[in-house]
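Q: Have a look at the structure that comes next, please.
The values are calculated or read from the model by the stated rules, or taken from the named source; none is laboratory data. Quick caveat, the model's predicted, so the values are computed rather than measured. For neighbour counting, all protein chains shown are included, and Cβ atoms are generated from backbone atoms with ideal geometry for every residue, glycine included.
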Amino acid sequence: MNDFADNRGMSRIEKVVRTEGHLIDSGLMRRIFDTIISDGGEFEIIRFDIGRNNDEFSRASLKIAAPDTVAINTILLKLSALGCMVDEEEPVRLGESPADGVVPPDFYSTTNQTTEIHHDGRWIPVENLRMDGVIVVEEHRAWVKKFRDVRKGDKVVLGLSGIKVKPEYAKRDRDDFGFMSGEVSSERKVRLAVDRVAEVIGGNSKRVAVVAGPVVVHTGGAPDLARLISHGRVHALLGGNALAVHDIEAALYGTSLGINLKTGKPVEMGHRNHLRAINEVRRAGSVAGLVTEGVLTSGIMFETVQSSTPFSLAGSLRDDGPLPDTITDMNKAQEHHAELLQNIDVVLMLSSMLHSIAVGNMLPARVLTVCVDINPSVVTKLKDRGSLQTIGVVTDVGLFLHLLAERLVKGR
């Protein structure tokens, strides 16, 4: 880095970065400028070539100035996630892991964006993209590992040199979601949102995963989600113990949290119905066992078993039971979730903030996520965690599922 003096005679540090892409249409250039200024830096545009049509990238070079090394490195780290790279064709720096699950202190922390590294004179694509991991290199391959999977002696990418991040740009099949970023309250707007989601999912060309919380059952959305599963519109179901427990409670006893789903009134001793549901599954050995016995004949979990749709239930400290199918080892639950998310194109996140954020961390940015929740802060939290590809639909999840099932399985 080079020291230089500004007009006030203060010593500053500068660095030149370059970036390319749909910088104006996607709002990336504004975010780059905002990032530099908000972290106490200054910038000078050295060159800015604007694309001449919708398919041609814009390219820019910027000189960034900051008061000290910490400030300039902070800015460069944030700009890296926005697709900026130091204007030098330096090779990537590597360091050996000193022990299992431990990496050198100046490790590079990954984003969910398409990433390449400059190694052995070539640009190598990074595989298994996800947030908050490290890049491990072996010969001419590079992939992301979670900290706990790193082994002693692994060659880990360090710093920011030789790393190219390619942010996802606004695509035509996402453009019409603009109106969904604010509050969606009227039925007309909800229908518009559902129509757009249905169009994106398309015929059977898109592979869809659903992340759902028990609110789906509480709001009466279980029959509609079950319809979507039975008609092959869902390719993986992810959630927690509570989703399955309350779905099975509803199927066996007509209640959810002891409330009659038809009348909305409490049922005498209904507070124990979810425990009765757990007991029945444990007696049968599994959800599939209860289906085989002919005891469980409807609901989300019934249709999941009947259609052989893969599912993953992650346990938590709050769980009653849990069900035999629930994975209580968090590392194994993460691995199983990630396995089911391979080759998924769209993820519907239905009223489950913690599971939605966890799944968002596992997804590459190419995967479109649609977050449906009555609480708009859930969408905000997802975006703050880095899942910038998230589209928000602020509405009752039961209404959304009813309209989506009506749209996708109509006449079947």
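Q: Checking THR297 against (1) buried (at least 16 other Cβ atoms within 10 Å of the Cβ); (2) out of contact with any Gly (no Cβ under 7 Å at 6 or more places or on another chain), which single condition isn't satisfied?
A: With (1) buried (at least 16 other Cβ atoms within 10 Å of the Cβ); (2) out of contact with any Gly (no Cβ under 7 Å at 6 or more places or on another chain) applied to THR297, the lone miss is (1).
Q: Next question, about the same structure. Just a yes or no: is a residue in region 62-70 within 32 Å of the chain's Cα centre (by Cα) and at pLDDT 90 or above?
A: Among the residues of region 62-70, at least one is within 32 Å of the chain's Cα centre (by Cα) and at pLDDT 90 or above, which makes the answer yes.
Q: Hey, can you tell me all the residues within region 35-75 that are in contact with a Leu (Cβ under 7 Å, 6 or more places away or on another chain) and hydrophobic (A, V, I, L, M, F, W, C)?
A: PHE43, ILE45, ILE46, ALA60
Q: Can you run down the residue pairs with Cβ atoms below 9 Å, 6 or more apart or on separate chains, where the first is in region 22-46 and closer than 18 Å to LYS63 by Cβ and the partner is outside any helix (DSSP H, G or I) and among the basic types (Lys, Arg)?
A: LEU23/ARG59; GLU42/ARG12; GLU42/LYS63; PHE43/LYS63; GLU44/LYS63; ILE45/LYS63; ILE46/ARG18; ILE46/LYS63
Q: Something else about it: Just one of the numbered conditions (1) more than 14 Å from LEU158 (Cα to Cα); (2) part of a loop (DSSP other than H, G, I, E, B); (3) in contact with an Asp or Glu (Cβ under 8 Å, 6 or more places away or on another chain) is not true of ALA65; which one?
A: (2)
Q: Could you count how many residues in region 22-39 are among the β-branched types (Val, Ile, Thr), modelled with pLDDT under 90 and assigned to a helix (DSSP H, G or I)?
A: Number satisfying all stated conditions: 0.
Q: Ok, one more. Could you give me the residue pairs with C-beta distances under 7 Å whose first residue belongs to region 154-167 and is over 19 Å from ALA365 (Cβ atoms) and outside the structural domain of HIS119 (by TED's automatic domain parsing), whose second residue is of a type in the set (Phe, Trp, Tyr) and in a strand (DSSP E or B) wherever it lies, and which are 6+ apart or on separate chains?
A: Listed by first residue and then by second, the contacts come to nothing, as the list is empty.
Q: For region 1-21, which residues satisfy the criterion of being of a type outside the set (S, T, N, Q) and either touching a Pro at 6+ places or on another chain (Cβ under 9 Å) or at pLDDT below 85 (or both)? Break it down stepwise before answering.
A: Step one: of region 1-21, the residues of a type outside the set (S, T, N, Q) are 1, 3-6, 8-10, 12-18, 20-21.
Selection gives MET1, ASP3, PHE4, ALA5, ASP6, ARG8, GLY9, MET10, ARG12, ILE13, GLY21.
Q: Within region 91-104, does at least one residue satisfy the condition of being of a type in the set (D, E, K, R), out of contact with any Cys (no Cβ under 8 Å at 6 or more places or on another chain) and within 19 Å of HIS118 (Cα to Cα)?
A: yes
Q: Still on this model: Being surrounded by 20 or more Cβ atoms within 10 Å (Cβ to Cβ) and either free of Cβ contacts under 8 Å to residues at least 12 places away in the same chain or not hydrophobic (A, V, I, L, M, F, W, C) (or both) is the filter here, so list the residues in region 85-118 that pass it.
A: Of everything in region 85-118, those that are surrounded by 20 or more Cβ atoms within 10 Å (Cβ to Cβ) and either free of Cβ contacts under 8 Å to residues at least 12 places away in the same chain or not hydrophobic (A, V, I, L, M, F, W, C) (or both) turn out to be SER97, TYR108, THR110, THR111, ASN112, GLN113, THR115.
Q: Could I ask something else about it? Got a sec? Which of VAL156, VAL137 is modelled with pLDDT of 95 or more, over 28 Å from THR380 (Cα atoms) and in contact with a Ser or Thr (Cβ under 7 Å, 6 or more places away or on another chain)?
A: Just a single option satisfies the conditions, and that option is VAL156.
Q: Give ILE344, ILE327 a once-over and let me know the one that is among the hydrophobic types (A, V, I, L, M, F, W, C), modelled with pLDDT of 90 or more and out of contact with any helix residue (DSSP H, G or I) (no Cβ under 8 Å at 6 or more places or on another chain).
A: Answer to the check: ILE344.
A quick yes/no check of all residues on (1) within 15 Å of the chain's Cα centre (by Cα); (2) of a type in the set (S, T, N, Q); (3) at pLDDT 95 or above; (4) not assigned by TED's automatic domain parsing to the domain that holds ILE248:
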{"position": "MET301", "(1), (2), (3), (4)": "no, no, yes, no"}
{"position": "LEU313", "(1), (2), (3), (4)": "no, no, yes, no"}
{"position": "ARG318", "(1), (2), (3), (4)": "no, no, no, no"}
{"position": "CYS371", "(1), (2), (3), (4)": "yes, no, no, no"}
{"position": "ARG385", "(1), (2), (3), (4)": "yes, no, no, no"}
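Q: Quick one: SER298 ticks every box in (1) more than 30 Å from GLY83 (Cβ to Cβ); (2) of a type outside the set (Asp, Glu); (3) in contact with a strand residue (DSSP E or B) (Cβ under 7 Å, 6 or more places away or on another chain); (4) part of a loop (DSSP other than H, G, I, E, B) except a single one, so which number is it?
A: Tallying (1) more than 30 Å from GLY83 (Cβ to Cβ); (2) of a type outside the set (Asp, Glu); (3) in contact with a strand residue (DSSP E or B) (Cβ under 7 Å, 6 or more places away or on another chain); (4) part of a loop (DSSP other than H, G, I, E, B), SER298 fails exactly one: (3).
Yes/no matrix, rows are residues, columns are (1) among the β-branched types (Val, Ile, Thr); (2) in a helix (DSSP H, G or I):
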site	(1), (2)
ASP55	no, no
SER61	no, no
ILE72	yes, yes
GLY95	no, no
THR115	yes, no
VAL126	yes, no
ARG130	no, no
VAL137	yes, no
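Q: Given LEU401, LEU350, which one is at pLDDT 90 or above, within 16 Å of ARG196 (Cβ to Cβ) and in the same structural domain as GLU199 (by TED's automatic domain parsing)?
A: That would be LEU401, the only listed residue that is at pLDDT 90 or above, within 16 Å of ARG196 (Cβ to Cβ) and in the same structural domain as GLU199 (by TED's automatic domain parsing).
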